[in-house]
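Below you'll find the structure, written out as structure tokens, and then a few comments.
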Amino acid sequence: MIPLRSPQEARRPTAVALGSFDGLHRGHRRVIEAVTGWRPAPSRTPPGPVPVPTVLSFWPHPREVLYGDTRLRLDLPVEKLSLLDPLGIEQLVLVPFDRDLAALSPEAFIEQVLVGQLQARVVAVGENFRFGAGRSGDAAALVALGARHGLEVRVLPMLQDNGERFSSSRIRKALSMGDLQEATRLLQRPYRFSGRVVRGRGLGREIGWPTANLQVDGRKFLPLEGVYAAFAQLGGGPPLAAVMNLGPQPTVDPMAPSAVEVHLLDRQLELEGRELVVEPLALLRRQQRFSGLEELSAQIARDADRARELTGAACPQPSVGGGSGGGVGVGQAPDDEGADAPQQQNP
């Protein structure tokens, strides 16, 4: 897997794809392709080392530092590493974003970060890229200022899809509506998240449906609250059919916080303390309050049968083990790089 590095640790010189790249959709990959195959002109003397294909992003998101906005990510930095590796990128460099960096002029950013720290030879950005104090620099400014430092700049046009541009906000919108098919189409890969299984109160086990309670990183964007057919994976093993509940527990404990709970279908595994990767496949239903635990258990049985159909799993009686109870909160979502109204937040 490619390394995650600070600017001081980066291999140099570099060929830099610059941006947030949250979701790594087709538009992002077009920008990345502009640097993975780049080579200096043959006439250059001396030729020097081949620049290292690099993705350069900021952490945390600038709006978190400047405005206190919560910015949830489709891909956390550690998740991006395995996604960037097959694209030909050799390192992910995160620039710590603070108010000092935010105050740099566009030219100072190029001089100090791109040229000074990373020894960039070429930089690729999308045509809507903005940088520098007050977002005063745009792609045209990057081209003009970069030329003063011998920096080649490649500006890639926005990629359209059905009359709309590819964007992280469209993926978030699909997830916030529970539309996993559309999210998968835009991502060109399944949407996934992971969490460590922690001990809860065992309420699921009491009604015959033990669940693995996931402690999910609070910076990860989660889909619409509801009950999902899903796959779950342990340590790179095969995908296991599952039912996932995302949200509160209106029948069992109306006052409990929102939770991410996963019931593995027809498996008995000890999960507490282990990392579970979850791939929701389809929204089965929104959450609802039942008259009692018996009615709730009957509905979960119907959810499980539907999940078996969707995952292609076998249908023996459920007998799963694991941790249960608790969960992480789900509320409002972030804008897409400063563009969209908040819709979900996972505090």
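Mind checking the stretch 105-187 for GluC sites (Glu not before Pro) that DSSP puts in a loop (not H, G, I, E or B) and that have at most 13 other Cβ atoms within 10 Å? Mind showing how you got there, number by number?
Details: sites: GLU107, GLU111, GLU127, GLU152, GLU164, GLU182; in loops: GLU127.
Passing both the DSSP loop test and the Cβ count: GLU127.
Using only alpha-carbon positions, what ratio does the radius of gyration of the stretch 106-232 give when scaled by 2.2 N^0.38 Å? Before the final figure, lay out the partial values.
Values: Rg = 21.9 Å, N = 127, 2.2 N^0.38 = 13.9 Å.
In units of the globular-protein estimate, the stretch 106-232 measures up at 1.58.
Taking a ≥ b ≥ c as the square roots of the eigenvalues of the Cα gyration tensor of the stretch 65-124, is the shape rounded (a/c under 1.5), prolate (a/b larger than b/c) or oblate? The partial results should precede the final answer.
Working: a/c = 2.95, a/b = 1.13, b/c = 2.61.
Oblate shape, in that a/c is at least 1.5 and b/c is the bigger or equal ratio.
With the calculation restricted to Cα positions, what are the radius of gyration and Dmax of the stretch 4-161 in angstrom?
14.9, 49
Hand me the GluC sites (Glu not before Pro) from the stretch 261-314 located in a DSSP loop with no more than 16 other Cβ atoms within 10 Å, in residue order please.
On the way: sites: GLU261, GLU270, GLU272, GLU275, GLU294, GLU295, GLU309; in loops: GLU270, GLU272.
Here the GluC sites (Glu not before Pro) that fit, given the DSSP loop and packing criteria, are GLU270, GLU272.
What shape does the stretch 48-90 take by its C-alpha gyration tensor, where a ≥ b ≥ c are the square roots of the eigenvalues and a/c under 1.5 counts as rounded, a/b above b/c as prolate, and the rest as oblate?
Note, shape of the stretch 48-90 comes out oblate.
Only the coordinates and a few stated rules stand behind these numbers; no lab work does. Here the structure is a predicted model, which is why all the values come from computation and not from measurement. Backbone-built Cβ (ideal geometry, glycine too); neighbour counts: all protein chains shown.
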